[in-house]
1. Looking at segment 301-317, which of the residues that are open to solvent by less than 10 Å² (accessible area, probe 1.4 Å) and within 18 Å of Pro238 (Cα to Cα) is nearest to the ligand (Cβ to nearest atom)?
2. Take Ser324 and tell me if it is away from the ligand (no atom under 16 Å from the Cβ) and either of a type outside the set (Phe, Trp, Tyr) or over 28 Å from Leu267 (Cβ atoms) (or both).
3. Suppose we filter Thr68, Thr15, Thr30 for residues that are of a type in the set (Val, Ile, Thr) and open to solvent by 50 Å² or more (accessible area, probe 1.4 Å); which single one remains?
4. Which residues, counting only those in segment 106-144, are of a type in the set (A, V, I, L, M) and in a loop (DSSP other than H, G, I, E, B)?
5. Considering segment 231-259 alone, what residues qualify as being open to solvent by less than 10 Å² (accessible area, probe 1.4 Å), hydrophobic (A, V, I, L, M, F, W, C), away from the ligand (no atom under 16 Å from the Cβ) and under 30 Å from Arg81 (Cβ atoms)?
6. Residues of segment 372-410 being assigned to a strand (DSSP E or B) and more than 29 Å from the chain's Cα centre (by Cα), which ones?
7. Out of all the residues in segment 315-329, which are within 20 Å of Gly284 (Cβ to Cβ) and touching a residue at least 60 places away in the same chain (Cβ under 8 Å)?
8. Could you pull out the residue among Pro277, Pro272 that is within 20 Å of Val31 (Cα to Cα), surrounded by fewer than 21 Cβ atoms within 10 Å (Cβ to Cβ), in contact with a strand residue (DSSP E or B) (Cβ under 7 Å, 6 or more places away or on another chain) and not hydroxyl-bearing (Ser, Thr, Tyr)?
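The values are calculated or read from the model by the stated rules, or taken from the named source; none is laboratory data. This structure is a prediction, so every number in the text was calculated from the model and none was measured. Because the Cβ atoms are built from the backbone with ideal geometry, glycine has one as well, and the counts that use them run over all protein chains shown. Heavy atoms of the whole protein, side chains included, go into the accessibility calculation; ligands, DNA and RNA do not. Shrake-Rupley method; radii C 1.70, N 1.55, O 1.52, S 1.80 Å.
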Amino acid sequence: MNTKYSTRFAPPFETVEALKAHQLAGLRWTVAHAYQNGPAYRQKLDAAGIRPEDIRSLDDLRRLPFTTAEDIREGYPFPLRCVPFERIVRIHSSSGTTGKRKNLCYTRKDVDDWTHFFARAYEMAGVTAEDRVQIAVGYGVWTAGMGFQLGCEKLGAMALPVGPGNVDMQCQFLVDCQSTVLCCTASMGLLMADEVQKRGIANRIHLKKVIYGSERASVSMRKKISEQLGGVELFDIPGMTELYGPGTGIECTDHDCIHYWADYYILEIVDPQTLEPLPDGEWGEMIVTTLCKEAVPLIRYRTRDITRIIPGACTCGTILPRHSRIKGRTDDMFKFRAVNIYPATIDQIISGISGLGSEYQIHLYQDESDRGVMKIVVEMADNAELSLGERLAKELIYQVKRKVLVTPIAEVVPYGTLPRSERKSKRVFDTRIQDAIV
Ligand code: ZN
């Protein structure tokens with residue numbers, strides 16, 4: 001394959017046709033395996049009137065029933081398990097904002113597959129055995145730490161498993177060990193960028209890349225992290241516990257969005273309301289079907305993530321397809337005056353106004369006359385004139401009105417006013433009266 005990076009962990013396919021044949025074989029294996037060995041899946045497939053032998057082409061994917069987060073919660077503590085316990089070598093778990101946590105089982109092969117494609121993610125980001133990878137994400141039952149760690153070791157780079165938070169230790173490792181790659185959330189990246197500036201250690205660190213995941217980052221946030229850390233290159237890495245964990249794709253060095261591992265799973269985009277498949281290029285809910293996952297295969301799993309497939313080939317030369325950065329989740333979309341609004345849209349507007357910083361909050365509440373109010377509190381850029389505040393607020397109101405068709409209140413505050421988080425920053429605060437559940 002004629003690509004810009006080494007391809008030790010790349011899929012062994014030269015053509016899209018070969019990839020599709022591999023996908024069909026994997027789909028057929030998955031449906032047969034789930035039907036034979038997973039009672040929950042068998043029930044679903046029987047209810048839909050589908051037998052494994054009905055899957056003859058990739059188009060037959062559409063006939064399969066969806067799997068949801070509720071299916072995973074319902075089966076707690078070992079949901080959708082399709083192998084006997086003696087084949088399970090590990091459990092991971094995701095926090096889940098409501099109700100039971102999501103536990104997922106892994107076989108030896110599942111762990112090996114994940115490690116392999118995580119190494120591929122590093123490889124595609126141009127990380128090599130020469131690199132020193134400071135891993136500033138959570139270790140433990142979460143998938144993040146383990147994934148970044150094993151992938152890094154598989155690639156042969158030096159892992160520095162510092163874990164999340166602990167800014168003093170992060171800075172010490174950056175300076176003393178000369179880490180070249182930092183893996184973290186976008187919020188942590190921003191926090192580190194600020195900290196490196198504050199401590200005046202920018203010229204004593206040697207960072208080249210920041211690989212960030214589990215959270216959206218606006219264009220201005222990316223720009224700021226890059227600038228303050230000496231021009232580092234940023235790579236968005238997607239993933240979720242249900243689908244092995246982080247590392248299910250990555251931005252390539254051409255930064256034209258995210259390549260995903262189509263040899264491990266099929267990605268579809270559907271309209272989240274009608275569940276009808278959408279054509280390439282259109283935004284919708286990401287649906288994933290695994291091709292070789294043993295302990296907990298996924299059949300048309302509704303991820304709730306909003307993205308789109310980017311048509312055509314990337315300039316980097318790989319045949320692996322692309323999706324856009326995750327725009328939000330179907331469940332973090334909020335409704336204001338009958339308009340569906342994604343925080344990512346507000347991100348984009350703020351990023352496009354020079355003088356505004358990357359940090360903002362959206363507050364939704366009722367005023368004295370019970371009218372819904374959307375208030376955007378946004379920081380100025382750190383070098384912006386304080387006297388410009390009023391003009392920037394006016395510009396923001398104008399742009400939101402023009403692009404989202406609702407009129408917000410805007411409050412522009414000095415740089416550094418809003419809280420920084422080591423984890424995901426909370427953006428939307430909705431205190432409007434919620435209808436009682438009857
Ligand atoms: Zn590419």
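1. Residue satisfying both the conditions and the ranking: Thr307.
2. no
3. It is Thr15.
4. Residues satisfying the conditions are Ala125, Val127, Ala129, Ala136, Val137, Val141.
5. Within segment 231-259, just Leu243 meets the criteria.
6. The answer is Gly372, Val373, Ile409.
7. Pro321, Arg322, His323, Ser324, Arg325, Ile326, Lys327, Gly328, listed by residue number.
8. Of Pro277, Pro272, the one residue that is within 20 Å of Val31 (Cα to Cα), surrounded by fewer than 21 Cβ atoms within 10 Å (Cβ to Cβ), in contact with a strand residue (DSSP E or B) (Cβ under 7 Å, 6 or more places away or on another chain) and not hydroxyl-bearing (Ser, Thr, Tyr) is Pro277.
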